[in-house]
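**Q** One structure coming up, written as structure tokens, with questions to follow.
The values are calculated or read from the model by the stated rules, or taken from the named source; none is laboratory data. What you are looking at is a predicted structure, and each value in this text was computed from that prediction instead of being measured. Virtual Cβ from ideal backbone geometry, glycine too; neighbours counted across all protein chains shown. Areas reflect the complete protein model, heavy atoms only, side chains present, ligands, DNA and RNA absent. Shrake-Rupley method; radii C 1.70, N 1.55, O 1.52, S 1.80 Å.
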Amino acid sequence: SLKRNIMAAGGKDGPKSPSRPRAGPGPLARSWLVLYNIVLTAGWIAVTYVSLLHVMNNSTPPTVYSGIYDSAEVVLKVFQSLAVLEIVHAALGIVPSNVLLTSFQVFSRVFLVWGVLHPFKEAQTNLGVSLCLGAWSITEIIRYSFYTFALLNMKPYVLQWCRYTFFIVLYPIGVTGELLAIYCALAPAAEQKPFTLELPNPYNYSFYYHYFLVVIMLSYIPIFPQLFFHMVHQRRKIIGGGAKQAKKD
Amino acid sequence: VQGCQSDDHRITSRMEIEILHARTGKQLICLDHVDNYSTVLDLKKWIHKEFPKYHPVRQSLRLEPKGRSLSDEETVHSLELKPSGRKLYLRDLGPQIGWRTVFLVEYSGPIAAYMLFYLRPAFIYGVTKAKMEPVVHIACACWMFHYVKRLLETLFVHRFSHGTMPIRNLFKNCSYYWGFAAFVAYYINHPLYTRPMYDHLLEYPALAGFVINELGNLSIHLALMDLRPPGTKKRSIPYPTGNPFTALFSLVSCPNYTYEVGSWICFTIMTQCFPALLFTVAGFYQMAVWAAGKHRNYLREFSNYPKSRKPIVPFLF
């Protein structure tokens, strides 16, 4: 572009210094990211919509929650799986997120959908699914819409505030739902032995999916507090003293 | 010096040095009566006297809060502190533990753990009459040989550049060694263990490879020991000696790591055990990182360092 040529030639603002922090995504990447975030915002609105529709048509327990997965299954799988692209974005450097952290977060969600909910009917019909869907939907709608605005150089304080405040309630609810779902999958996993390798075999290795699920549940104990307090810390940093700046925005 | 009119006041004058905390910038102590011949180690000892908690080995003194750690042998004179601002920053490295101690604890675990599984206790495997394949006995011998060799090298061969490491490393390292030992030993000694395909056609060559790599690794350690005079911290470029195993020095900076990875590859082939493969890969990754660091240090320290050498894998990396 003309402006870039002027900059490169040492025009009005001078040549870019080599030590400048990363300039952000180029125009092509930016367009792609805006598209991606809009699509995912819409996707999670869709998840919310089908879930609410189900609840309105089946207001009595247990069907009010036991059938919710059936209604939301397809949209949930499509839009949660698409989140894998976020790892690619981080790896390519077009978003400032840490690759390892993003991989970890995406993997845990994808694992819950495909490794816990998809294979086990007992997990699908449990109350835990509703808690997950509720928590995840609201969180993701706020998150993806916030990113969309940010990419268009608007940072609505309302969205930012919601993002860094709702988690206080949504995060524990989501985690409760996840743990309930995994717990319901334990018994059928022990019986059906999916993804399991038993001895003897030529690799001299064994893997029991049932025990793996138990280990996952236990791992929430050290990991959840760390992630939660990281968000608390972020909140203090971003909106803690930010009330004054918000007026300027 | 008494009564002598010294032109060079620097040599005879006493001075004060302020010691500040590297993280907070607060003054810890002002050392007076320091002279130009005092060494960094002397300063550390004086600080230790005032603050018993700060044993000299856990002190890192630097000219800047985030600067390079000054070595114990440097004198105050060589630091060239300006009279206007004689201050040094102290960073607490945390509780330290000797390298030798760490190695002895680290390596005893795998020996004990493997032995435990080798004995096939009922509380782990249940009661079983399954016989042990010959390769299982050989694997045990190899494993024991490897770790006993490491213990003996720690006691009699290795000369360490640093005396100590942070104590937190002990827990991290022991988890790694003991954890993997249990993981590998559990499956190799399992009653349902399966021999490698092609049986002894694979087992014996792999065993031979293991022994060759162990001897290679030992040769390198002995060569490195001879390179450094006892009690010194002297560093020099290693070159091949009379021992044919040391020829690998022409190709890599850290042939001891190359041989070590070779040993574990052979062990993995010999036992055809996936956990052993994971252990080999993990070890290779860690050693590659260390080799890259050592290689970089060699290049930085010696301008005549042979350019054709790679850190750990000949010709490649």
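**Q** Please report, ordered by residue number, every helix of chain B (full DSSP H runs) that is 27 Å or longer along its axis going by C-alpha atoms and whose mean Kyte-Doolittle hydropathy reaches -0.5.
**A** Those that clear 27 Å and a mean of -0.5 are B:99-118, B:134-156, B:168-188, B:200-227, B:274-301.
**Q** Then there is this: Over the protein assembly as shown, average the accessible area per residue using a 1.4 Å probe and give it in Å², no decimals.
**A** With the other protein chains kept in place, the protein assembly as shown gives 56 Å² per residue.
**Q** How much of the DSSP bridge set in the protein assembly as shown is antiparallel, in percent, rounded to the nearest 5?
**A** Rounded to the nearest five, the antiparallel share is 75 percent.
**Q** Using the structure shown, list the pairs from B:234/B:294; B:53/B:87; B:26/B:53; B:45/B:66; B:26/B:87; B:66/B:87 with a Cα-Cα distance above 19 Å, or answer none.
**A** B:53/B:87; B:45/B:66
**Q** If you don't mind, another one. Taking each residue in A:131-144, count the Cβ atoms of any other chain within 10 Å of its Cβ, then average. What number comes out?
**A** 0
**Q** Under the Kirkwood approximation applied to all pairs of distinct alpha-carbon atoms, what is the hydrodynamic radius of the stretch B:94-138 in Å?
**A** The answer is 13.2 Å.
**Q** May I pose another question? Filter the GluC sites (Glu not before Pro) in the stretch A:116-210 to those in DSSP coil with at most 16 other Cβ atoms within 10 Å of their Cβ, and list the result.
**A** Here the sparse-neighbourhood loop sites are A:198.
**Q** Another question, if that's okay. Sort B:124-130, A:108-114, A:52-58 for me by packing, meaning the mean count of neighbouring Cβ atoms within 10 Å per residue, highest on top.
**A** Going from most to least packed, we get A:108-114, A:52-58, B:124-130.
**Q** I need the trypsin sites (Lys or Arg not before Pro) found in the stretch B:199-267, filtered to DSSP loop residues with at most 11 other beta carbons within 10 Å of theirs.
**A** B:234
**Q** If you take the C-alpha gyration tensor of the stretch B:230-317, multiply each eigenvalue by 5 and take the square root, what semi-axes do you get, largest first, in whole Å?
**A** 27, 14, 12
**Q** Same structure, new question: What does the charge count near residue B:313 come to, summing +1 for each Lys or Arg and -1 for each Asp or Glu among other residues with Cβ under 15 Å from its Cβ?
**A** Residues near residue B:313 contribute +2 overall.
**Q** For residue B:128, put the label point 7 Å out on the Cα→Cβ axis and report which residues of the stretch A:183-206 keep their amide N under 19 Å from it.
**A** A:197-206
**Q** Alpha carbon centre of the stretch A:178-226 versus the stretch B:45-76: separation in Å?
**A** Value for the Cα centre distance between the two parts: 49 Å.
**Q** Same structure again: Please compute P(r) over all alpha-carbon pairs of chain B, binned at 10 Å starting from zero, and give each bin as a whole-number percent.
**A** Going out from 0 Å in 10 Å bins, chain B shows 5, 20, 24, 21, 15, 9, 4, 2, 0, 0 percent.
**Q** May I ask you to derive the relative contact order of chain B, considering only C-alpha pairs under 8 Å and at least 6 residues apart, and to give it as an integer percent?
**A** The normalised contact order for chain B reaches 14 percent.
**Q** Could you sort the peptides B:46-58, B:178-190 by per-residue average Cβ neighbour count (10 Å cutoff), highest mean leading?
**A** B:178-190, B:46-58
**Q** Give the separation of the Cα centroids, the stretch B:176-225 to the stretch A:26-89, in Å.
**A** 50 Å
**Q** Still on this structure: Apply the Karplus curve 6.51 cos²θ - 1.76 cosθ + 1.60, θ = phi - 60°, to the phi angles in the stretch A:66-78 and return the couplings in whole Hz, x for Gly and Pro.
**A** Result, ordered by residue: 6, x, 5, 5, 4, 5, 8, 3, 5, 4, 4, 4, 4 Hz.
**Q** How charged is the neighbourhood of residue A:54? Take every other residue with its Cβ under 15 Å from the Cβ of residue A:54, and add Lys/Arg as +1 and Asp/Glu as -1.
**A** -2
**Q** Continuing with the same structure: Rounded to the nearest 0.05, what FRET efficiency do residue B:14 and residue B:171 have when you use their Cβ-Cβ distance and R0 = 35 Å?
**A** 0.20
**Q** How well do other chains shield peptide B:186-197, expressed as the mean number of their Cβ atoms within 10 Å of each residue Cβ?
**A** 3
**Q** Let me ask another. From other protein chains only, count the Cβ atoms within 10 Å of every residue's Cβ in A:198-207, then give the mean.
**A** So the per-residue partner count for this stretch is 6.
**Q** On a 0 to 90° scale, report how tilted helix A:27-57 is relative to the longest principal axis of chain A, with both axes built from alpha carbons and the result rounded to the nearest 10.
**A** That helix lies at roughly 40 degrees to the long axis.
**Q** How much of the accessible area of the stretch A:83-163, in percent, comes from carbon and sulfur atoms when a 1.4 Å probe is used?
**A** 73 percent
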